[in-house]
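Right, one structure below, let's go through it.
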Amino acid sequence: MFFSIIIPVYNRPDEIDELLESLSRQIYKNFEVIVVEDGSTLKCDYIIEKYKNILNIKYYYKKNEGQGFARNYGFERATGDYFVIFDSDCIIPENYLQIVNDRLEKEWLDAYGGPDKADDSFTPIQKAINNSMTSILTTGGIRGSKKRMSQFHPRSFNMGISRKVYETTKGFVIPYSGEDIEFSIRIIRNGFKVGLIEDAFVYHKRRATFDKFFKQTHFFGKARINVYKFYKEGLKPIYFLPSLYFLYIVFCLFLLIVNIKLSGYFFVPLFIFNLAVFIEGAIKAKNLKIGLLTILAANVQLIGYGIGFLQSFVKRIIFNKN
């Protein structure tokens, strides 16, 4: 199997350096790398030069249109039998492609996704954010878990598709904001076999600060409504939970002002939930500090997603504005 690895990048030369370095250590060697610079002002062309004699690598610069269309640009120029998509902030374990190739030879998947983990080199905040994004207690727990094939939707930070899938679907139709969710739904609708390769994980660095993480999750919340505009089944009751969590916190704070005694009863569920987040995060990281930071990360994630979802729901569904 010959793989084409497609990597869109925007103003992240340091991240692409780490990603390419990890790809240079792959055990499975039958692959090419296509880096698509999506109109960056901080170009990474000088980083690409470092790997010209190490990797089979191609570099393209195009105007900024969003990561979805940047991936399409890479698909059009790929020569592989199978296309693999990574975000630029990922680090790839050295046995990743070997695992994927072995799985596809044993049991074919037209498209697959894999989970993400935190590397030991990540900062405590990055580890806490990873805990939150992969926890069953938050919206992140939906991804990368064992689901039935028909229900699993690969995400573009760690995703692969066959050439036939690309030729049938023509790639992404949304430039950003939920583009991978829409793409996964369309792949499944076309009758392709989709599944999770649980051992094909990547180390996902995510955001380095909580304010950037809030902006990212706020964007994710808005993106869910974007997907709903394409597919009505893209809006399930579970996606309302972060907004309900945010509204519940607002309600508790309101009670704290008007009736301190009564508010105590309503804060109990919040305390239990955050205690569970702390315990899970501390056990996963084997670190009490990261457990505490996971509480903050989970609240930033849920509140950020909830506000973004609520704002977009009111604007685009209730008032039908684009």
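Identify, please: which residue in region 93-149 is at pLDDT below 95 and in a strand (DSSP E or B) and is, among those, surrounded by the most Cβ atoms within 10 Å (Cβ to Cβ)?
So the residue we want is Asp116.
What are the pairs, 6+ residues apart or on separate chains, where a residue within region 222-250 that is in a helix (DSSP H, G or I) has its Cβ under 9 Å from a residue that is loosely packed, with under 13 Cβ neighbours inside 10 Å?
Partner pairs satisfying both residue conditions: Tyr248/Pro269.
Just give me the residues in region 1-41 being touching a helix residue (DSSP H, G or I) at 6+ places or on another chain (Cβ under 9 Å), part of a loop (DSSP other than H, G, I, E, B), hydrophobic (A, V, I, L, M, F, W, C) and at pLDDT 95 or above, in sequence order.
Selection gives Ile27 alone.
Just checking, does region 265-279 include any residue being farther than 20 Å from Leu137 by Cβ and in a helix (DSSP H, G or I)?
Among the residues of region 265-279, at least one is farther than 20 Å from Leu137 by Cβ and in a helix (DSSP H, G or I), which makes the answer yes.
Can you find, within region 156-192, the residue that is nearest to Ile5 (Cα to Cα) among those that are more than 16 Å from the chain's Cα centre (by Cα) and assigned to a loop (DSSP other than H, G, I, E, B)?
Selected residue: Gly171.
In region 193-215, which residues are surrounded by fewer than 19 Cβ atoms within 10 Å (Cβ to Cβ) and in a helix (DSSP H, G or I)?
Answer for region 193-215, where residues must be surrounded by fewer than 19 Cβ atoms within 10 Å (Cβ to Cβ) and in a helix (DSSP H, G or I): Phe210, Asp211, Lys212, Lys215.
The values are calculated or read from the model by the stated rules, or taken from the named source; none is laboratory data. Predicted model, so just to flag it, every value in this text is computed and none were measured. Neighbour counts run over all protein chains shown; Cβ positions are idealised from the backbone, glycine included.
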